[in-house]
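Structure, as structure tokens:
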Amino acid sequence: MKSTDICIRGAGIVGRALALLLSRERLRVALVERPVSPAGEATARADVRAYALNGTSRALLESLRCWPDLAAATPVLRMEVQGDRGGALAFGAAEQQVEALGWIVDVPALERRLDDAIDYQPLIERVTTSTPARLSVVCEGRASETRLALGVDYVTTAYPHTAIATRLHGSVPHGGVARQWFSCGEILAFLPLDGPQGNSVAVVWSVEHARVPRLVALSPEEFAKELEIASHQSMGSLTLSADRVAWPLQRSMASRWIGQTDGRSWALAGDAAHAMHPLAGQGLNVGLADAAELARVLGGREYWREPGDLRLLRRYERARQGAVMTMTTTTDILQQLFAREGAVWEGLRNWGLTGVDQLAPLKGWLARQAMGPR
């Protein structure tokens, strides 16, 4: 590559999507990838990853010709939420007059599509070390070493829960229904996979730290039985189809999203800039929105501005910080509401679920927020 306009440090989904968006703006991009690991390393971790994507994220990925096939992008036709004292809330795609409330996307399939697109884009160069550029964008995730080296504070609030993720097969098809159960501060989510008539789900179970060692040590059969009980046998008999992966949950926000160090400009995007509780399933949607906004700002810049112009980058920071703060605060409030113990709090949250379910305008508004702009 003759010269590099943008160096993207981190080749996850957000980093790859950003590289494609910037190359579409005729910017030359160096995409920093980790060296290829030995065969088989992290395979189990990759197998359990699935993300809930909204209509906005789908439109962005379709514009890049990276949207996976139906088997790897299962439409959510209905969402059912159950509280711990009989409260319930349900949304349906039909009542919202949309094709789907969202899609559960298999991560390896999406990554392959992004990789294929990058292979055919001559303005993107894959590299293994950082390249001098007019702007560096950090997309390395929550544990970003580059962010640390830049001296940016990553203000973190730890939740008293750990997420356990895996995949399951059920004896009963999921029917395109995404399900969530709130119980004594813990949250269990079943996300449908393998198409509308599939029997597989991605599982994210947020449990108290103290319960994690026992649950992880259970045999696959014993763990599946625990999930059958927690899910009220909504999918019949369950069988684990992947290993379990666990990580502590946190809410985080970088103190600065843009800056200059030693005369070189930088910006943060995705989990390197923020992290939120997974209960709303918005993490990747928010990261892709970062990529879309940064590409929009850089692509629409005045002809005399360089990509690293701080006044330009502040437009991106202002636009995204407010939106992300709103989303992280909302998910934090919901987590706090369902984590509080006591009869009063239990009654309040279950009354709230049922009340929203019975108020069509409010329920419709909440559904539209979850689906994203159409």
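The values are calculated or read from the model by the stated rules, or taken from the named source; none is laboratory data. Computed from a predicted structure; not experimentally measured. A quick note on method: Cβ atoms are made from the backbone with ideal geometry, for glycine too, and the neighbour counts reach across all protein chains shown.
Of all strands (runs of 3 or more DSSP E) completely enclosed by the range 76-184, which ones contain at least 2 residues that are out of contact with any helix residue (DSSP H, G or I) (no Cβ under 9 Å at 6 or more places or on another chain) and more than 28 Å from residue 224 (Cβ to Cβ)?
Per the criteria, 124-127, 154-170.
Of the residues 218, 193, which single one is crowded, with 18+ Cβ neighbours inside 10 Å and of a type outside the set (Asp, Glu)?
One residue alone meets the criteria, 193.
Applying the selection to the range 209-258, what residues are closer than 30 Å to residue 290 by Cα, aromatic (Phe, Trp, Tyr) and at pLDDT 95 or above? Working first, answer last.
Of the residues in the range 209-258, the ones closer than 30 Å to residue 290 by Cα are 244-258.
Adding the requirement that they be aromatic (Phe, Trp, Tyr) leaves 247, 257.
Once the filter is applied, which keeps residues that are closer than 30 Å to residue 290 by Cα, aromatic (Phe, Trp, Tyr) and at pLDDT 95 or above, the range 209-258 yields only 257.
Between a residue in the range 167-179 that is more than 21 Å from residue 244 (Cα to Cα) and any residue that is in a strand (DSSP E or B) and among the acidic types (Asp, Glu), which pairs come within a Cβ distance under 9 Å, given they are 6 or more apart or on different chains?
177/80
Among the residues of the range 281-294, is any in contact with a Ser or Thr (Cβ under 7 Å, 6 or more places away or on another chain), in a loop (DSSP other than H, G, I, E, B), modelled with pLDDT of 90 or more and crowded, with 19+ Cβ neighbours inside 10 Å?
No, the conditions are met nowhere in the range 281-294.
Out of the range 244-263, which residues are surrounded by fewer than 15 Cβ atoms within 10 Å (Cβ to Cβ) and of a type outside the set (Ser, Thr, Tyr)?
Once the filter is applied, which keeps residues that are surrounded by fewer than 15 Cβ atoms within 10 Å (Cβ to Cβ) and of a type outside the set (Ser, Thr, Tyr), the range 244-263 yields 247, 248, 260, 262, 263.
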